[in-house]
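First comes the structure, then the notes that go with it.
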Amino acid sequence: MEVLSTARNICILTGAGVSAESGVPTFRDAQTGIWAQFRAEDLATPEAFARDPVRVWEWYGWRRSLIGQVEPNPAHRALAEWQSAFPGEWTLITQNVDGLHQRAGSAEVIELHGNILRTKCSSEDRVVEAWPETDEVPPCCPHCGAFLRPDVVWFGEMLPVDALGLAAEKSGSCDVFVCIGTSGLVYPAAGLPSHAKAMGAFLIEINPDPTPLSDLADTCLRGKAGLVLPELLASLRSAQKQP
Ligand code: BJW
């Protein structure tokens, strides 16, 4: 694709679809999605944690162990290879909390919704690396005694200010913006593609299914990220070899 071979500044936004082929369920698939089986209001809001911290802590423990058993897939690896070979400015923004981009070798990943593998204090917001062994569920912050919680962004919570600011800045200055495996329903992340487009970027969507972003996109590549991205990378490499 010519626009990608000539781009100087590329910005990528990924969502749960990129990790689907690793075996991590997406959120909104009608059959297998997390929200098809669990209610977000019961598990992914500050109010849910206040009501039932044990349930929320244990549910995240289950998801963390699931993620611990999977591996990055060809989509994660293709993005890491693309980044390391790219001569210009490259930005990878993810809504995913699973750390699979980093495990595949991507650097400086902007995590908009946190990381499920980190834990933070529910009162002071600071990341806590270790806490005394305990039978308490959830365990308590060793500094202030408040419950510990996963370092993810729940509905109704602000996104990390630095990450969102950097994501908005990079989206607004790229030549090409590529949305991969996201339903484009959750804001403010879902506003980044239209921001990029309004600032002049060429918008590409990679997703097997249409989304609200599809009408805005200049090109839609319909297919699984684990197939489309390695093919795209191979065609960019062969275009580079042409005299
Ligand atoms: C494939 C594939 C394959 C499958 N290859 N593709 C403006 C308008 C309307 C509402 C709002 C608004 N602004 C804010 C809101 C409210 C809310 C929101 O957006 N709600 C909407 C759902 C209506 N937003 C918030 O609450 C956010 N906070 C906020 O705005 O704060 C403001 C504030 C101001 C002042 C005071 C306080 C606050 C926070 C949002 C946090 C989202 N959190 C979650 C959970 C993270 C933790 C956890 O994992 O438990 O983040 S929800 C979930 O959705 C998760 C995801 O990151 C996020 C996005 O989902 P994603 O990645 O798009 O996944 P899916 O499943 O939706 O889609 C997968 C796609 O992949 C599909 O399209 C498939 O087709 C595709 N696919 N296989 C490629 N192989």
| field | Flag for residue 168 being among the aliphatic types (A, V, I, L, M), modelled with pLDDT of 95 or more, within 13 Å of the ligand (Cβ to nearest atom) and within 16 Å of the chain's Cα centre (by Cα) | value | no
| Restricting attention to the range 191-213, and to residues there that are within 10 Å of the ligand (Cβ to nearest atom) and more than 18 Å from residue 20 (Cβ to Cβ), which single residue is farthest from the chain's Cα centre (by Cα)? | 212
| Subset of the range 50-93 [among the aromatic types (Phe, Trp, Tyr) and under 24 Å from residue 35 (Cβ atoms)] | 57, 59, 60, 62
| field | The one condition in (1) in contact with an Asp or Glu (Cβ under 6 Å, 6 or more places away or on another chain); (2) in a loop (DSSP other than H, G, I, E, B) that residue 129 fails to fulfil | value | (1)
| task | Identify, from the list 58, 21, 47, 41, the residue that is among the charged types (D, E, K, R) and under 30 Å from residue 176 (Cβ atoms). | result | 21
| field | All positions within the range 191-243 that are surrounded by 16 or more Cβ atoms within 10 Å (Cβ to Cβ) and in a loop (DSSP other than H, G, I, E, B) | value | 201, 207, 211, 213, 216, 217, 224
| note | Looking across the range 1-37 at residues that are loosely packed, with under 14 Cβ neighbours inside 10 Å and either in a loop (DSSP other than H, G, I, E, B) or within 10 Å of the ligand (Cβ to nearest atom) (or both), the single one that is nearest to the chain's Cα centre (by Cα) is 23
| said: Exactly one of these conditions fails for residue 61: (1) under 26 Å from residue 102 (Cβ atoms); (2) within 10 Å of the ligand (Cβ to nearest atom). Give me its number. | reply: (2)
| query | If a residue has to be in a loop (DSSP other than H, G, I, E, B) and among the polar types (S, T, N, Q) to count, how many in the range 133-183 make the cut? | reply | 3
| remark: Within the range 128-140, of all residues that are surrounded by 11 or more Cβ atoms within 10 Å (Cβ to Cβ) and among the hydrophobic types (A, V, I, L, M, F, W, C), the one nearest to residue 152 (Cα to Cα) is 128
| Mind checking whether some residue in the range 129-144 is within 16 Å of the ligand (Cβ to nearest atom), over 19 Å from the mean Cα position of the chain (by Cα) and farther than 22 Å from residue 67 by Cα? | no
| task | Name, by its number, the condition in (1) more than 12 Å from the ligand (Cβ to nearest atom); (2) touching a Leu at 6+ places or on another chain (Cβ under 7 Å); (3) more than 30 Å from residue 175 (Cβ to Cβ) that does not hold for residue 68. | result | (2)
| task | Please determine, by comparing only the residues of the range 88-108 that are assigned to a loop (DSSP other than H, G, I, E, B) and free of Cβ contacts under 8 Å to residues at least 40 places away in the same chain, which one is farthest from residue 192 (Cα to Cα). | result | 105
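The values are calculated or read from the model by the stated rules, or taken from the named source; none is laboratory data. Model, not experiment: these values are computed from the prediction. Quick reminder, even Gly has a Cβ in these numbers, built from the backbone with ideal geometry, and neighbours come from all protein chains shown.
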